[in-house]
Amino acid sequence: MEYQTFRLERLPTLTAPVFIIGFRGWGNALEVSAGTAAYLVEALQAVSIGHIDPDACYRYDENRPVVNIEAGDLKSITPPGGSVFAVETPPGENDLVILVADEPSLNWYRFSCELVDLAHQLGAPGVITLGSMFDNVLHTDRIISAVTTGSFFEGAVGRHRVVPIDYHGPSAIHTTILEACRKRAVAGASLWSHCPVYLQGITHHGMMLQLVRLLTDMASFSVETPALEARWQALDMQIRKLIADNPKLEEIMDQIRRKKREGAMQNLGQQGNGQGKVINLQDFLDP
């Protein structure tokens with residue numbers, strides 16, 4: 001089958017591959033969604049099998065190609081896009097197809113339908129999209145919410161106490177992919193990690209670790225996480241020191257703790273932004 005929104009260089013023989021999709025861009029707070037997908041690619045030694053067609057999926061005036069020019073000589077130009085990877089797992093586990101990409105700005109419905117058509121062609125039991133948002137939570141919280149279609153993922157979602165989503169408003173491409181899953185009778189899940197609004201400019205390895213643990217249950221595969229655990233331990237120590245030395249940051253956290261106890265979490269993130277209390281950790285943490 002030929003696709004208009006992405007190109008496959010080769011298609012390996014896979015066994016019940018679960019699709020995992022992590023987008024850079026709007027739904028990628030603290031790099032959790034794309035970072036988790038990229039971590040799986042690295043840790044599982046995934047093999048590239050294709051890429052998104054940038055002309056079909058991106059507006060270059062909004063997401064411009066990146067050029068490399070040295071001493072007046074054009075070395076390269078790289079458009080926005082993303083790569084499709086395949087993972088062949090040990091017997092008894094589901095294989096994986098992983099997409100790590102910039103969020104498309106064009107042809108959402110065509111892209112979503114073609115992606116789910118590929119999943120259906122490969123006999124995928126399900127498709128999982130990853131998103132992350134800023135919320136009024138602590139950096140020690142591990143809150144993941146979800147919307148699903150079908151019953152394939154219900155067991156794992158219940159075991160990990162994933163919060164069902166109630167939402168009315170503008171959508172991301174994650175929802176059009178989920179709708180394509182529903183129409184194709186392919187189980188779908190859109191997972192959203194909740195990240196602390198008071199911390200920005202980092203990759204939240206702790207939230208990534210929680211998401212990886214959930215994914216291994218949902219998609220029935222295994223992956224080693226010591227490297228991810230070590231990254232989080234090092235970052236957590238730096239964050240704790242920063243909090244101890246920053247009364248304004250501790251004040252924000254106290255507000256969130258108080259609202260959590262009262263069961264009335266509302267608009268703290270906006271208040272923090274308005275008062276200049278959001279901390280960009282890149283300004284404070286050691287490289």
- Does Ala34 qualify as being in the same structural domain as Ser190 (by TED's automatic domain parsing), more than 13 Å from Leu96 (Cα to Cα) and among the aliphatic types (A, V, I, L, M)? yes
(1) in the same structural domain as Ser33 (by TED's automatic domain parsing); (2) not in a loop (DSSP other than H, G, I, E, B) all hold for His168 apart from (2)
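Quick grid of which residues meet (1) surrounded by fewer than 18 Cβ atoms within 10 Å (Cβ to Cβ); (2) over 19 Å from the mean Cα position of the chain (by Cα):
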residue	(1), (2)
Gly81	no, no
Val87	no, no
Pro90	yes, yes
Ala101	no, no
Leu115	no, no
Leu118	no, yes
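Looking at Arg110, Arg142, which is the one that is of a type outside the set (Ser, Thr, Tyr), farther than 28 Å from Gly81 by Cβ and out of contact with any strand residue (DSSP E or B) (no Cβ under 6 Å at 6 or more places or on another chain)? Talk me through it step by step, then tell me what you get.
Numbers: Arg110 fails: farther than 28 Å from Gly81 by Cβ.
Arg142 is the lone residue from the list that is of a type outside the set (Ser, Thr, Tyr), farther than 28 Å from Gly81 by Cβ and out of contact with any strand residue (DSSP E or B) (no Cβ under 6 Å at 6 or more places or on another chain).
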Among residues of segment 190-209 being at pLDDT below 90 and assigned to a strand (DSSP E or B), the residue farthest from Ala180 (Cα to Cα) is Leu199
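Picking from Gln210, Gln233, which residue would you name as being among the polar types (S, T, N, Q), surrounded by fewer than 21 Cβ atoms within 10 Å (Cβ to Cβ) and under 30 Å from Ser105 (Cβ atoms)?
Working: Gln233 fails: under 30 Å from Ser105 (Cβ atoms).
Of Gln210, Gln233, the one residue that is among the polar types (S, T, N, Q), surrounded by fewer than 21 Cβ atoms within 10 Å (Cβ to Cβ) and under 30 Å from Ser105 (Cβ atoms) is Gln210.
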Checked pairs for segment 164-186, first small (Gly, Ala, Ser), second surrounded by fewer than 18 Cβ atoms within 10 Å (Cβ to Cβ), C-beta under 8 Å and 6 or more apart or across chains, list as Ala172/Trp26; Ala180/Tyr109; Ala185/Gly150
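Quick check on segment 11-30. Is at least one of its residues at pLDDT 95 or above, more than 27 Å from Trp232 (Cα to Cα) and not aliphatic (A, V, I, L, M)? Walk me through how you get there before you give the answer.
In the first step, residues of segment 11-30 are kept if they are at pLDDT 95 or above; the result is 17-24, 28-30.
Add one more test, that the residue is more than 27 Å from Trp232 (Cα to Cα), and what stays is 17.
Applying the additional criterion that residues be not aliphatic (A, V, I, L, M) yields 17.
Taking every residue of segment 11-30 in turn, at least one turns out to be at pLDDT 95 or above, more than 27 Å from Trp232 (Cα to Cα) and not aliphatic (A, V, I, L, M).
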Those residues of segment 166-182 which are out of contact with any Cys (no Cβ under 7 Å at 6 or more places or on another chain) and either among the small types (Gly, Ala, Ser) or surrounded by 12 or more Cβ atoms within 10 Å (Cβ to Cβ) (or both) amount to Gly169, Ser171, Ala172, Ile173, His174, Thr175, Thr176, Ile177, Leu178, Glu179, Cys181, Arg182
Inside segment 120-163, the number of residues satisfying the requirement of being buried (at least 19 other Cβ atoms within 10 Å of the Cβ) and of a type in the set (D, E, K, R) is 1
Of Ala119, Ala101, Ala86, the only residue that is in contact (Cβ under 8 Å) with a residue 12 or more places away in the chain and either more than 16 Å from Val18 (Cβ to Cβ) or β-branched (Val, Ile, Thr) (or both) is Ala101
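The values are calculated or read from the model by the stated rules, or taken from the named source; none is laboratory data. Because the structure is a prediction, the values reported are computed rather than measured. Counting neighbours? That spans all protein chains shown, and the Cβs are built from the backbone with ideal geometry, glycine included.
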